[in-house]
Each structure stands twice: as C-alpha cells, then as structure tokens.
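The structure under discussion appears below in the form of structure tokens.
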Amino acid sequence: MAKPVEVVVIGAGSRGAGAYAPYALRHPDQVRIVGVADPDPIRRRRMAEAHDLADEQCFVSWEEMVAAGQLGDGAIVATQDQMHVEPAIAAMEAGYHVLLEKPMAHTLEGSVQLVQAAERTGRILQICHVLRYAPFWRKLHEILESDAIGEIVTVEHRENVAYWHMAHSFVRGNWRNKGLSSPMILAKCCHDMDVLVWNLKSPVKRLSSVGSLMQYRAASVGPHIPLRCTDGCPIEAECPFSAIAIYVDYERTFPAARQQLIRAGHDPETPPSWPFSIISPDTSRAGRLKAIETGPYGRCVYHCDNDVVDHQTVLMELESGASVTMVMHGHSNQEHRSMRYDGTKGTLRAVAIEPGQIEINIHGGATEVVTVDTRTVGHGGGDEGIMADFVRVLRGEIEPLTAARVSLESHLLAFAAEDARLSGQVIAMADYRAQAEALASQVR
Ligand SMILES: NC(=O)c1ccc[n+]([C@@H]2O[C@H](COP(=O)([O-])OP(=O)(O)OC[C@H]3O[C@@H](n4cnc5c(N)ncnc54)[C@H](O)[C@@H]3O)[C@@H](O)[C@H]2O)c1
C-alpha cells in the first residue's frame, strides 16, 4: 500500500484546522499533517496536539515555514482572503503542491499571477471550489452532461444566503468589508460561477450586473437603536439578527440545534462548531455572552463597518447563445442554492438543501426526481471530497478537477460582475480576460 502523503497547513483557522486537517485523522493511511504555520498560539497548539507535531514542525508564520525548506509533498493554504497570493506562490517556489482556499486572490492580477506561478514552477495549484467535489453537485453535473434536457438555453441560479449567515459572515464577520476581504460576489459566489462554468462549458461572452447594500446599514433603523444587542436594545426580543438570539439563546434562531448537538455527542451548553466557534475559543454560555458583549459579533447589524452588498444579480450571455441569471441575496429564510435549467429537450429544477433534490421533466414525457443526501457535513461532503482528491493528486494518480487555470474563469467572472455593478457597463469577457493576463504580466 502507498505510504501516506505529507501535508503542511498554512493558516490553522476554521478552514485549515477545522475543515481540511481532520481528514488526516480520519484517513491516517492516506495523509499525515507534518507542519503548521499560524501566528495564533492557541490554534498552533490545538493543531500540534491533534496531529502530534513537534515544536520544530510549528511555525508562527508562513514566511518562517517556507524558510525552513520543504517539509512535505503538499501545502494547504487557508489564510484569509487577502493573504493567499504570497504564501501560495512561496509554497510553490519551495516545492510544495498547493491546495488553496477560494477566492484564489482578492484581486484580478493576483489571481492571474497565481496561475502564472503554478505554470512557471510546474507545481500543482488546486483551488478549493469544494462544490465540485460534493455528491449533489456531481449528480447535477452528471445529469446535465448526459444531455437529458438537451442543449441548455436558459439558467436561473440562486444563492440564497440565510439572514443569520449574512449577519454572521457578511455584516459582522470576516467578509463584511471589501477593503478588508473581498467583494461579496467573489467571496460568496465564485463557487456559483464555478458551477456554472463547469456545467455550461460555453464561455461567457458578455455580462452585466446590479446590486447594492439595502438593509444592513444605519439608515434602516432610528437613532434609538444602540450599537450592541446587549446594550438594552428596545427591539432585541423581536430582532431576527439579535446576537443573543443567534449565539447565546441559540434555539431562538436554530430550533433544532440543541437536539442535533446532543445526537452528535456534544454538550449543547458548549456548542463546539461553526458559527459559535468563530466568535470565541470559549464556546461556553459565559464565553459566548462575553464575546458578544465585547467582540465584533455582538454589534448591531445596522451599526457595523460593513460595505459588501446584500443582494446582487448577474446577467450573462454565453458564446453558445444561452442566457444565465445568477441571483445572490442575504435575506433567505434558509441557507440553500436553487436553480432551474431549461434545455431544448426539457427542464431541470434543483434545490441544494437537506435532502438535495433534482427534478427532471422531459417535454411531453416523464418526470424523474433524484434525491441526493446532502447531510454530510462540510459543504454537503465537498470538504471531504476535495481532500480525498488532493491526496490522489499528490500521489500522481489524477489531475485536479479545480486546477488554478480552470478556477481562474470563475474568479474573472466575479471580478467582471463587480466592475459591471459599479460602472453600469456591459463587460465583454474576451477583452476582460486579455486585459487580466496583460495586467498580471506588468505587476509580476
Ligand atoms: N471553500 C469554501 O467554501 C470556504 C468556506 C469558508 C471560507 N473559505 C475561505 O477560507 C479562507 C480561510 O477562512 P477561515 O474562516 O478559515 O479564516 P480564519 O481567520 O479562521 O483562519 C485564517 C488563519 O490564518 C492565520 N494567519 C494569519 N496570518 C498568518 C501567517 N502570516 N501565516 C500563517 N497563518 C496566518 C490566522 O491566525 C488564522 O488562524 C478564507 O479565504 C475564506 O474566504 C472558503
């Protein structure tokens, strides 16, 4: 049997330590974690304990780690959005094949530079477009590939972000502000763009976009609303965005959560998982309360430093002639994606929720309903699937499904959508792609 591949983790946060590294514990025959880089001493220690790492395998930064020479076959780069390009290029130059979180970069030129660096160093750069590795999205792709509904003429794709997820990540949290992270259409929807690119095959010819931040801003409420939910807010009890309702008395927002935690063998008074684990390393009731009284996640959603949009629509015309609309909004009752594909032979409707459902109606004929279990944790099984794939890539058994050159297109579409939204222009994608390559060459 092949010996396990060896991988280092750069950025041991929610994704690096929480989504990917645990795969090594479940599959020690396939992969071993042999190093960690993270400035946070608690996160470093947790990784060291979980993966039995010695002091010399733990580094306070990616710079220190790459300076120590190559420690393994692969590197998982899971730092925050604006810290992807430098560590990923440095890791490739040090000899690692890299699994890089999305968005591959927060700028257009950074994204192209990454592709160029992978091609220059001859290293594999695989992007964490995890949906492609999840059973639901694989099934949808397989059905469309089978030509069941014929040539695709129109697509309506919706990314329905739940109101509490919007508040958590895109109003109070890490992806709230474009200057600090990325535009919403990139941060949230590069996955959606990637699925569309994968399923539709024909390149986008031109696109336009509209959208704005409508709700989560000071103008939506009167001056009597305090800066924090815990500061005696007069509407706290009925506010769906109350930090008390989301993080402390969490059954107000997640009615089934207590039983789910008990079934999973966890203490419901100390929920260990996302989103609670993000607000504080101490997820006890007292720890959660303290976090919202003092930290960013207790801020009133109408009084944050957020500027990313809470809704955006992108209209795309493909080279094939097909037209596509993609809608993203942060006002959904439930977190899910939904879509409708109309082809020359039939219609397909799909809902990526628990359980995922794909309904195929052939013109004048039968209706078939395919149900896909999406309950597997971590993006419907996508986090597990991409790690399994990365191991096989490192073993030289397969080419990555989401290599950097492939994933570049979803990022270009997202950057173009943001430019189109801000300028009101229709973007011709052939010119846009050519400009991106030229720009990256200039700043290299
Ligand atoms: N694929 C997906 O579906 C998906 C889902 C969520 C987030 N993401 C992306 O994953 C990335 C990471 O998100 P997260 O929630 O895990 O972030 P996080 O903040 O929890 O983790 C980032 C880690 O990087 C560490 N770090 C900072 N500077 C460093 C340095 N110089 N060297 C090494 N480590 C350093 C931080 O201390 C932190 O622990 C983001 O780009 C995010 O957009 C992807």
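The values are calculated or read from the model by the stated rules, or taken from the named source; none is laboratory data. What you are looking at is a predicted structure, and each value in this text was computed from that prediction instead of being measured. In this analysis, Cβ positions are derived from the backbone assuming ideal geometry, glycine residues included, and neighbour counts consider all displayed protein chains. Surface accessibility is based on the protein's heavy atoms, side chains included, excluding ligands, DNA and RNA. Shrake-Rupley method; radii C 1.70, N 1.55, O 1.52, S 1.80 Å.
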Next on the checklist: When the residues of segment 189-204 are narrowed to those that are at pLDDT 95 or above and out of contact with any helix residue (DSSP H, G or I) (no Cβ under 7 Å at 6 or more places or on another chain), which ends up farthest from the ligand (Cβ to nearest atom)?
Outcome noted: Ser202
Item to check | Lone unmet requirement of (1) among the small types (Gly, Ala, Ser); (2) under 30 Å from Ser280 (Cβ atoms); (3) open to solvent by 10 Å² or more (accessible area, probe 1.4 Å) for Ala105 | outcome: (3)
Checklist entry - Which ones in segment 198-215 are of a type in the set (A, V, I, L, M, F, W, C) and under 16 Å from Val324 (Cα atoms)? => result Trp198, Leu200, Val204, Leu207, Val210
Checklist outcome for this item: Residue count, segment 337-368, condition more than 28 Å from the chain's Cα centre (by Cα) and open to solvent by 30 Å² or more (accessible area, probe 1.4 Å), comes to 10
Checklist entry - So which residues in segment 128-152 are within 16 Å of the ligand (Cβ to nearest atom) and not in a helix (DSSP H, G or I)? => result Cys128, His129, Ala134
Checklist entry - Given Ala352, Ala430, Ala440, Ala436, which one is under 28 Å from Met316 (Cβ atoms) and touching a Leu at 6+ places or on another chain (Cβ under 7 Å)? => result Ala436
Item to check | Hits in segment 262-305 - residues which are open to solvent by 20 Å² or more (accessible area, probe 1.4 Å), under 21 Å from Ser14 (Cα atoms) and hydrophobic (A, V, I, L, M, F, W, C) | outcome: Ala264, Trp274, Ile278, Ile279, Leu289
Next on the checklist: Residue under question is Val155, and the condition is that it be open to solvent by less than 10 Å² (accessible area, probe 1.4 Å), within 16 Å of the ligand (Cβ to nearest atom) and either in contact (Cβ under 8 Å) with a residue 40 or more places away in the chain or more than 27 Å from Tyr297 (Cβ to Cβ) (or both); does it hold?
Outcome noted: no
Checklist outcome for this item: Scanning segment 163-188 for residues that are in a loop (DSSP other than H, G, I, E, B) and within 11 Å of the ligand (Cβ to nearest atom), the one nearest to the chain's Cα centre (by Cα) turns out to be Lys188
Checklist outcome for this item: Subset of segment 390-423, residues small (Gly, Ala, Ser) and free of Cβ contacts under 8 Å to residues at least 12 places away in the same chain, comes to Gly396, Ser423
Item to check | Among the residues listed as Val77, Val31, the single one being touching a strand residue (DSSP E or B) at 6+ places or on another chain (Cβ under 8 Å) and near the ligand (Cβ under 9 Å from one of its atoms) | outcome: Val77
Checklist entry - Going through segment 15-28 one residue at a time, which ones are within 12 Å of the ligand (Cβ to nearest atom) and touching a helix residue (DSSP H, G or I) at 6+ places or on another chain (Cβ under 6 Å)? => result Ala17, Ala19, Tyr20
Checklist outcome for this item: Quick count over segment 115-127, residues being outside any helix (DSSP H, G or I) and open to solvent by 30 Å² or more (accessible area, probe 1.4 Å), is 3
Checklist entry - Which of the residues belonging to segment 6-23 are open to solvent by 10 Å² or more (accessible area, probe 1.4 Å) and either assigned to a loop (DSSP other than H, G, I, E, B) or within 14 Å of Gly74 (Cβ to Cβ) (or both)? => result Glu6, Gly13
Next on the checklist: Name the residue that is nearest to Tyr23 (Cα to Cα), counting only residues in segment 80-114 that are part of a loop (DSSP other than H, G, I, E, B) and more than 11 Å from the ligand (Cβ to nearest atom).
Outcome noted: Tyr96
